[in-house]
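Enquirer: Handing you this structure, nothing more for now.
FYI, it's all coordinate maths here, none of it is from the lab. Values in this document were obtained by computation on a predicted structure and should not be read as measured data. When we count neighbours, we look across all protein chains shown, and the Cβ atoms used for this are built from the backbone with ideal geometry, even at glycine.
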Amino acid sequence: MTSGRVVPLTTSLDASEPYDVCIIGSGPAGTILGWSLAERGIRTLILESGSNLFYWLFDRRLRHLARYDFTGNTEYPLKNTRARMLGGTSNFWTGRCTRFHVSDFEPNPYTPDGNPWPFKYGDLEPYYERAENSLKVRGNDFSEYVPPRKNPLPPSPGQGISTLKSLLAGAEVAVDSSPTSAPEKGYRFFRIQDEILPGFLSSPHGTLVTGANVTRLIPDGEGRIAEAEVRTMDGIRKVARGKIFVVACGGIETPRLLLHSRSREFPNGIGNGNDMVGRGFNDHPAVNFFASIRHARNTLSPFGTIARSHQYYDSFRSEGLGSVLLVFRQAWFFPHHNLPLLGLSKISNLPKAVLNVMGRMTKPTLYIGGTIEMRVSDSNRVVLSDRNKDCFGNPLAHLVFDYADEDLRTLERSRELIRGIYRKLGATDVEEIEVSWSRHHQSTCRMGDDPGTSVVDRNLRVHESPNLYLCGSEVFVTGGAMQPCLTISALAHRLADHLASRLGEPRGAVRVPGPAQG
Ligand SMILES: Cc1cc2nc3c(=O)[nH]c(=O)nc-3n(C[C@H](O)[C@H](O)[C@H](O)COP(=O)(O)OP(=O)(O)OC[C@H]3O[C@@H](n4cnc5c(N)ncnc54)[C@H](O)[C@@H]3O)c2cc1C
């Protein structure tokens, strides 16, 4: 048995004794969990379907595996929402690392019937701290509207208090004192495979197999998962054995794998005895506005600045609606926001876009966006496609996803809120552009105490199987309006504690160097 490095499929599977834990997926969820387990001396295998960027870009079969069918009224993006490669979707992400609010864990208008969060914010708090250390998060949401953190890491140099703060004070908007909470090396540049995976691989207890597509989970006849069927693009078929299996394939592929793994024992798919697998899909749509603003001297930076406000997070909940997070960006030129959002994807829009950008360059522009929480509707769900198959002959996922009336009302209330802020600032030319999506795939295998309304229990174990766990944003009960990855990472640390105590932490665990403790 080869451990502690990337090994070929043929030498690591089939003949081996079971691993303590077999994790499927090497995104933030799978890698942080694997690293935390291997660090304690627990023999851990990570199976990852992709490998490096080259294969992701040029292997059409791999890209096809990340596609899904879609039905719905939301114009939801299908492409580039997930990466099948080492590190998973952290290869694409923007690096924002934010905690959920305390109120997200409390019963609120969007709590699904009979399915509250099975724990409180305070229960997750120590794991948030560990996740912030693992992801080396700097900056903070420092403001009176978010819970104070113990030992917050200071903002990086250059993450100073936004010049937007004084401008927005004129509209009675309080912004965080740090523009972003992100990995210290800069948001966008933190890749899980570069920052966390080396710790896993340097442990003698960690084994990684790439190019390993898990196509089916195979039960033993008594509800336990005995094996994972693994297939390669060049036709090799193997099985991986584990005492415990954790599926960490993201909010679309995790339910797809469970639904597809039908057997006599699980005729509707694993964990789907109550038809809950795949239900509740939600993301974070955002309304986007631009306007020209008058401003006092020294309130705007020529280089542009960004700020966020949690002030209105809970305001719409009293109306039975979702939460909202506001983001402000000021600049004379918006290379990031203007070009894609003004429709440069369509060449016919080019003249309009160029004129728009040129017009905006002559006067300061304030972008305001409002990212909202969606209602967790059980009719929004991942099912198996009856039209399209992957290269192994298995059905692709099919996402059914409509706005609920409450989502449309929350978007509308956010528009009113933003227009009101512009009015107070004396803004002119207020222009709304199309709704954008955050590509956060959430709540498709929710956690809860009642197997009738959830898929996994409070420890993330699938209710119907004693040795199968899930880890990722698919277990979120509600989605809030915050980015998911810090909460995913906190849940991975929490799950590592649970599995270690269940397996009995091995003696003589070798501690491997991990990410710096800030
Ligand atoms: C453009 C963009 C920007 C984003 N920005 C942010 C942000 O700023 N902050 C934030 O918190 N979140 C952000 N996200 C979301 C964030 O990237 C995801 O929430 C996070 O990566 C999910 O982690 P995960 O490990 O659960 O899943 P993933 O990262 O999707 O990883 C799943 C892994 O499982 C593998 N896999 C899937 N199926 C199989 C199989 N059958 N067999 C073997 N392996 C399999 C995949 O190849 C992949 O490596 C962003 C996402 C996108 C697309």
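Enquirer: Could you compute the FRET efficiency for ASN73 and ALA171, with r as their C-beta to C-beta distance and R0 at 35 Å, rounded to 0.05?
Expert: After rounding to 0.05, the efficiency reads 0.55.
Enquirer: Relative contact order (percent) for segment 392-486, with alpha-carbon contacts under 8 angstrom and 6 or more residues of separation?
Expert: Contact order relative to length: 20 percent.
Enquirer: For GLN442, list long-range residues whose amide hydrogen, built 1.01 Å from N in the peptide plane, is under 5 Å from its own amide hydrogen.
Expert: HN-HN under 5 Å from GLN442: ASN282.
Enquirer: Among rounded, prolate and oblate, which fits segment 354-473 when a ≥ b ≥ c are the square roots of the eigenvalues of its C-alpha gyration tensor, a/c under 1.5 means rounded, and a/b larger than b/c means prolate?
Expert: prolate
Enquirer: Cut-off under 12 Å on the C-alpha distance; same-chain residues fewer than 8 positions from LYS120 excluded. Which aspartates and glutamates are left, in chain and number order?
Expert: Correct list for LYS120: ASP104, GLU106.
Enquirer: Sticking with this structure for a sec: Chymotrypsin sites (Phe, Trp or Tyr not before Pro) within segment 374-435: which are DSSP loop residues with at most 11 other Cβ atoms inside 10 Å?
Expert: none
Enquirer: Next up: What distance in nm lies between label points placed 7 Å from Cα along the C-beta direction at ILE236 and ASP275?
Expert: 4.2
Enquirer: Shifting gears a bit: For LYS136, list the aspartates and glutamates whose Cα falls under 12 Å from its own Cα; do not include residues on the same chain fewer than 8 positions away.
Expert: Result set, ordered by chain and number: GLU184, GLU195.
Enquirer: Still on this structure, please answer the following. Listed highest first by mean packing, meaning other Cβ atoms within 10 Å per residue, what order do 229-240, 487-498 come in?
Expert: Put in order of decreasing packing, that is 487-498, 229-240.
Enquirer: Another one. Rounded, prolate or oblate, given the Cα gyration tensor of segment 437-476, with a/c below 1.5 counting as rounded?
Expert: In terms of gyration-tensor shape, prolate.
Enquirer: If you filter segment 368-450 for trypsin sites (Lys or Arg not before Pro), then keep DSSP loop positions with at most 10 other Cβ within 10 Å, what is left?
Expert: none
Enquirer: Something else: Mind listing the phi-derived Karplus ³J(HN,Hα) values for segment 76-87, rounded to whole Hz, using 6.51, -1.76 and 1.60 with θ = phi - 60°, and x for any glycine or proline?
Expert: Along segment 76-87, the couplings run 6, x, 9, 8, 6, 9, 8, 10, 8, 7, 3, x Hz.
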